[in-house]
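Please read the structure below before turning to the comments.
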Amino acid sequence: MMREAAEEHGVYVMGGVVEDASPIVPGSWPRTTKETLFNTIPAFGPDGTLVARYRKVHLSRVKAGPDATAEATVFQPGDHAATFEVNGLKVGMCCCFDLRFKHLSQFYEEDACDILAYPSAFLHSTGQHHWELLLRSRAVDHQVYSLGSNHAMNPAAAETPGETVMYGQSLIADPWGTVLDACPLEGEGFAIADLSKEFIGDVRERIPLRTDAREVTAAP
């Protein structure tokens, strides 16, 4: 579906899938196990070509209010970062819970990324406190654009005991920490903004974090 949408509309598309990496043996059924399943983000180019694939590194483990997640009981973690370029801007690929791990976004900063992209299923119980804060923080910390696409909140689920409720509010934050556009918590929508390589350079020149960073050691 993502490949077809990218090709039909001439755009880049990325999103989450369950990837089964079971070996294909002719004449037998695939043997799907926890060891062969990954929470994976493929990215497709305007011609439908797979330009990058990222397997989620940090699997969600959360206890917050009524919610508890344990992705490691279902998936294997990935081991590698992944990037691709869109019109001269380098995109670092992440997924949901990765948003909480700054060493991953730091890796992408050192790899000269301009954008960090986080397709997500962020819970309402944590998202109402952390979602916008984390996306803006990553944008400011690394002087990049951060893109967070999130599952919209289902009002019916919010009224049903035991149902998992997502937070919604897909948004785009710029290197200054400004939210350029955001979707509502509920329903489908689009967050749209112009991203500028020049603005990234301007922010990095005004606050030169990369040249002023220093090593710190423990006190003697």
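Computed about its Cα centre, the charge dipole of the chain is approximately 700 debye, with only Lys, Arg, Asp and Glu carrying charge at their Cβ.
Take the Cα coordinates of segment 66-115, assign each an equal point scatterer, and use the Debye formula without solvent to give log10 I(q)/I(0) at q = 0.17, 0.23, 0.32 Å⁻¹. Taking Cα atoms of segment 66-115 as identical point scatterers yields -0.61, -0.90, -1.31. Taken along its three principal axes, the alpha carbon spread of segment 114-220 comes to 53, 43, 16 Å, from the longest extent down to the shortest. A simple charge model with +1 on the Cβ of Lys and Arg, -1 on the Cβ of Asp and Glu and nothing else charged puts the dipole of segment 181-220 at about 360 debye relative to its Cα centre.
Considering only DSSP beta bridges whose two residues both sit in the chain, what percent are antiparallel, to the nearest 5? Given both bridge residues lie in the chain, the antiparallel proportion sits at roughly 70 percent.
If we count trypsin sites (Lys or Arg not before Pro) as exposed when they sit in a DSSP loop and have at most 12 other beta carbons within 10 Å, what is the longest stretch of the chain that avoids them all?
32-213
Quick note on segment 1-119: its Rg to Rh ratio, both from C-alpha atoms and Rh being the Kirkwood radius, is 1.01.
Put the Cα centre of segment 5-19 next to the Cα centre of segment 127-168 and the gap is 21 Å.
Before anything else, pin down the relative contact order of segment 69-156: Cα pairs under 8 Å, at least 6 apart, normalised by residue count, whole percent.
It comes to 26 percent, rounded to a whole number.
For segment 45-117, the share of DSSP beta bridges that are antiparallel, to the nearest 5, is 75%. With a Cα-only, solvent-free Debye model of the chain, what are the log10 I(q)/I(0) values at q = 0.11, 0.17 Å⁻¹? Rounded to two decimals, the profile gives -0.60, -1.31. Across the chain, the mean sequence separation of Cα contacts (distance under 8 Å, 6 or more residues apart), normalised by length, yields a relative contact order of 12 percent.
Rule-based calculations on the coordinates, nothing more; no lab input. In this text, all values refer to a predicted model and were calculated from it rather than measured experimentally. Neighbour counts are summed over all protein chains in view; Cβ atoms, including those assigned to glycine, are modelled from backbone coordinates with ideal geometry.
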